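*Asks:* Sharing a structure, written as structure tokens. Questions coming.
The values are calculated or read from the model by the stated rules, or taken from the named source; none is laboratory data. Being a predicted model, the structure only gives us computed values, none of them experimental. Heads up, the Cβs are rebuilt from the backbone with ideal geometry, glycines too, and the neighbour counts pull from every protein chain shown. The area values use the complete protein model at the heavy-atom level, side chains included, leaving out ligands, DNA and RNA. Shrake-Rupley method; radii C 1.70, N 1.55, O 1.52, S 1.80 Å.
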Amino acid sequence: MSGRAQHCDCLVIGAGPVGALLASVVARTGRSVVLAERGTLERKAPGRPETRGYALSAGSVTLLDDLGYWAALEPFAAPIREVHVTRAGTLGSVSMDAESQRVPALGQVVPAATIDAVMARALGEAGVQVLEETRFAELAPARAERRQVVLDGMAGRQRFAARLVVAADGAHSATRAAAGIEIQHRRYDADALVFDVRPARAHQGRAFERFTPEGPLALLPQPGGSMNVVWVAPPAACEARAALPEAARIAELQALFGWRLGRLEAAGPLARFPLELVRARRLHAERLVLAGNVAHGLHPVAGQGLNLSLRDVAVLVALLQPPGDPGAPERLARYEEIRTPDIDRVVAATDFLARRLRVHDALTPHLLGGGLLLLDRIELLRSLFAERAMGLEALPRRSLRAIPPPGSVEASA
């Protein structure tokens, strides 16, 4: 281990979309930022088919545009112009469209690999010191207005003394555990199968979510005419479907989804993910703050995970702008005060949908179906639901738009 700790304003652990975006934007404000990532960064999106996609709400698109990154993502995005939600076995349904909400699109679907590549390039443009293949090892108590972190990487064991440590290393964060922050955890009796299909009829920007007795089934429009399938079911059912020949699995999907888009054909590899709820009991410790899945890992129903995390970034970046100490207790307390109501609301809503929409008693499906039917018939309720789904909560846009743009002289100074 090197004898003397390297000093920085912010040390970010984890280079997923949340950590990379946060590090890039904070560096653009003039703060010195180091980012540690256990893997390697892909600065070019792979040419192979990508099974993961992010459904970005209209609010998230606005945020990324304010921060100067949407222009690089937009050519690879598929706009969501309409959302159709149904419950299997009931008459209830909800339809929302961009035109009735007076927005260009309800959201955008962007391949995960594209976001990763754009964010990786952004780190270099912003002057972030990136440590790849580097793992978090130890966290020391705060001293002299800094918190020391030990990292293990290609250069051996290194020590950093940061005015603020940002934990963005995922739902099973070692950084969060080392800080002694407890979590609420629930492993759902469900996994998600994720893959692409190509429908015979053009999707025309339509997204579908169907609630079944096993769990939600979503089909999201993808660039190039394909659709990304997120099929949630109990682990045993997912295991059985993953073992099926591809044609048999698509036939089962077709029977469940229906023929509104014509025949579905497989268009990419299959991935499987376990589903769980993770909610941190608090969002900060001394000179340490949580952002993204470290603070709240969600069930994918309604596609709110990354959108919720991007609102963490927006608030945290606004609070960390110079001058002053980025790790000051009052800044971190204010971050928790602002973010807690939004996080609690989304966690409660997604957890309710994940668990209650699988209830098999005779009455619950009809009550839920009736609720969807009512929501579809009352314009005020539908508009409120759409506003929440689009992520149009108030964000500190004036502060964010005042940050020097990507690649500016001020940001790289």
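*Asks:* Could you go through region 93-106 and let me know if any residue there is open to solvent by less than 30 Å² (accessible area, probe 1.4 Å), in contact with a helix residue (DSSP H, G or I) (Cβ under 9 Å, 6 or more places away or on another chain), at pLDDT below 85 and among the hydroxyl-bearing types (S, T, Y).
*Replies:* So far as region 93-106 goes, yes, one or more of its residues are open to solvent by less than 30 Å² (accessible area, probe 1.4 Å), in contact with a helix residue (DSSP H, G or I) (Cβ under 9 Å, 6 or more places away or on another chain), at pLDDT below 85 and among the hydroxyl-bearing types (S, T, Y).
*Asks:* How about region 196-234: which of its residues are part of a strand (DSSP E or B) and either touching a Ser or Thr at 6+ places or on another chain (Cβ under 6 Å) or hydroxyl-bearing (S, T, Y) (or both)? If you could, list the steps in order and put the result at the bottom.
*Replies:* Within region 196-234, the first condition is being part of a strand (DSSP E or B), and the residues that meet it are 196-199, 206-211, 216-221, 227-233.
Result: D196, R198, R210.
*Asks:* Sticking with this structure for a sec: Answer yes if at least one residue in region 28-51 is open to solvent by less than 30 Å² (accessible area, probe 1.4 Å) and either at positive phi or modelled with pLDDT under 90 (or both), and no otherwise.
*Replies:* Yes, region 28-51 contains at least one residue that is open to solvent by less than 30 Å² (accessible area, probe 1.4 Å) and either at positive phi or modelled with pLDDT under 90 (or both).
*Asks:* Right, another one. From G68, G59, which residue is touching a residue at least 12 places away in the same chain (Cβ under 8 Å), open to solvent by 20 Å² or more (accessible area, probe 1.4 Å) and either part of a helix (DSSP H, G or I) or under 30 Å from S32 (Cα atoms) (or both)? Can you show your working first?
*Replies:* Working: G59 fails: open to solvent by 20 Å² or more (accessible area, probe 1.4 Å).
Step by step, each of G68, G59 is checked, and only G68 is touching a residue at least 12 places away in the same chain (Cβ under 8 Å), open to solvent by 20 Å² or more (accessible area, probe 1.4 Å) and either part of a helix (DSSP H, G or I) or under 30 Å from S32 (Cα atoms) (or both).
*Asks:* Restricting the search to region 248-267, which residues are within 28 Å of the chain's Cα centre (by Cα) and either among the basic types (K, R) or closer than 19 Å to D191 by Cα (or both)?
*Replies:* Hits for region 248-267 are R249, I250, L253, L256, F257.
*Asks:* Here's another thing I want to ask about it. Can you go through A318, A348 and tell me which one is in contact (Cβ under 8 Å) with a residue 60 or more places away in the chain and either open to solvent by 10 Å² or more (accessible area, probe 1.4 Å) or hydrophobic (A, V, I, L, M, F, W, C) (or both)?
*Replies:* Working: A348 fails: in contact (Cβ under 8 Å) with a residue 60 or more places away in the chain.
Selected residue: A318, the only one of A318, A348 that is in contact (Cβ under 8 Å) with a residue 60 or more places away in the chain and either open to solvent by 10 Å² or more (accessible area, probe 1.4 Å) or hydrophobic (A, V, I, L, M, F, W, C) (or both).
Residue by residue, here is whether (1) touching a residue at least 24 places away in the same chain (Cβ under 8 Å); (2) in contact with a helix residue (DSSP H, G or I) (Cβ under 9 Å, 6 or more places away or on another chain) holds:
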{"position": "R121", "(1), (2)": "yes, yes"}
{"position": "R146", "(1), (2)": "yes, no"}
{"position": "D152", "(1), (2)": "no, no"}
{"position": "D169", "(1), (2)": "yes, yes"}
